[in-house]
Amino acid sequence: MTTDTSLALLLASPRLWLAIVVGTAVLLLAGCAAWRVEQARSLARASEPYRQAGEAGAPRLLVVGDSTAVGTGATAPDFSVAGRIGARFPAATIDNRARDGATWADVPGQLGGAPGAGYDIALLMAGGNDVIRLRDMAAVRADIERSIALARERAATVVVMPAGNVGNAPFFWAPLSWWMTSRARDLHAAVAAACQAQGAVYVNLFREAEDDPFAQRRDLHAADGLHPSDAGYALWWETLDTQAALTQRLQAAGR
């Protein structure tokens, strides 16, 4: 078959053109997805939760949750949310029991490993993996409620800050990103309801795409396009401090 004949066949077959375009796009997206998954795994392997041995009489903070509580994506533990709290309160005790890959089903076990009560604040950061892994939302809701109840047995104040709108992360493309957004919206509704019912503080990071800095600024994401970067965690810390009045709460706890 000559080049001219092949070209004529392509021009005469719109379906063939469409199949070629779609097939090429799928291959490109699959390659990008595999690269990003490996980037996420690499960041998780390199991550380390920020912990801090405090002084007697200083505030005591318990941190549990997933990779966002660990600080995966930050260039160093100091730039995670827990690390930024430690910089603001260097005398505070920060007991960080979070781990990469955790879901809300794992949080009760992390809380159970904490040495009893006596914490001033328990910070719960989980939910992203529940969204991405398509966990049944009714089961997730029950896990959230159980986690908050256990946290209230260990800390005077419970603050819950799930990841924001996962669907806005560059890691996902439409239409999958739309599904992730819908699930993230449902997760936040479950967290908000559980916090209201149990007297916990809910920190709302969820934003629709048009209002979400993470949908508009690539620098807020780490190399995997999923976890926050140093700048992303800085923005999370600011939101946490504003919505939960964390600085004031920790200052009051240390008096």
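Listed by position, the helices (runs of 4 or more DSSP H) contained in the stretch 63-130 that have at least 1 residues being basic (Lys, Arg) are 81-88.
Selection of the stretch 69-102 for residues being of a type in the set (S, T, N, Q) and open to solvent by 10 Å² or more (accessible area, probe 1.4 Å) yields THR75, THR93.
I want to confirm something. Restricting to the stretch 160-171 and keeping residues that are outside any helix (DSSP H, G or I) and open to solvent by less than 30 Å² (accessible area, probe 1.4 Å), which single residue is modelled with the lowest pLDDT?
ALA169
Residue pairs whose Cβ atoms lie under 7 Å apart, sitting 6 or more positions apart in sequence or on different chains, and linking a residue in the stretch 135-159 that is under 12 Å from GLY199 (Cβ atoms) and open to solvent by 80 Å² or more (accessible area, probe 1.4 Å) to a partner that is not in a helix (DSSP H, G or I) and not β-branched (Val, Ile, Thr), are ALA156/ASP120. For the stretch 172-195, filtering for residues that are within 29 Å of TYR119 (Cα to Cα) and outside any helix (DSSP H, G or I) leaves 0.
If I ask for residues that are more than 17 Å from the chain's Cα centre (by Cα) and either over 19 Å from TRP104 (Cβ atoms) or small (Gly, Ala, Ser) (or both), which ones from the stretch 187-222 would you list? ALA193, ALA194, ALA197, GLY199, ALA200, GLU210, ASP211, GLN216 - these are the residues of the stretch 187-222 that are more than 17 Å from the chain's Cα centre (by Cα) and either over 19 Å from TRP104 (Cβ atoms) or small (Gly, Ala, Ser) (or both).
SER177 fails exactly one of the following numbered conditions: (1) hydroxyl-bearing (Ser, Thr, Tyr); (2) without any contact (Cβ under 8 Å) to a residue 12 or more places away in the chain; (3) under 19 Å from LEU246 (Cβ atoms). What is the number of that condition? The number of the failed condition is (3). In this entry, THR239 passes the filter for residues that are within 27 Å of ASN96 (Cα to Cα) and modelled with pLDDT of 95 or more.
The values are calculated or read from the model by the stated rules, or taken from the named source; none is laboratory data. Not measured: the values here are computed from a predicted model. Because the Cβ atoms are built from the backbone with ideal geometry, glycine has one as well, and the counts that use them run over all protein chains shown. For the accessible areas, the whole protein counts, side chains as well, though only heavy atoms, and no ligand, DNA or RNA atoms are used. Shrake-Rupley method; radii C 1.70, N 1.55, O 1.52, S 1.80 Å.
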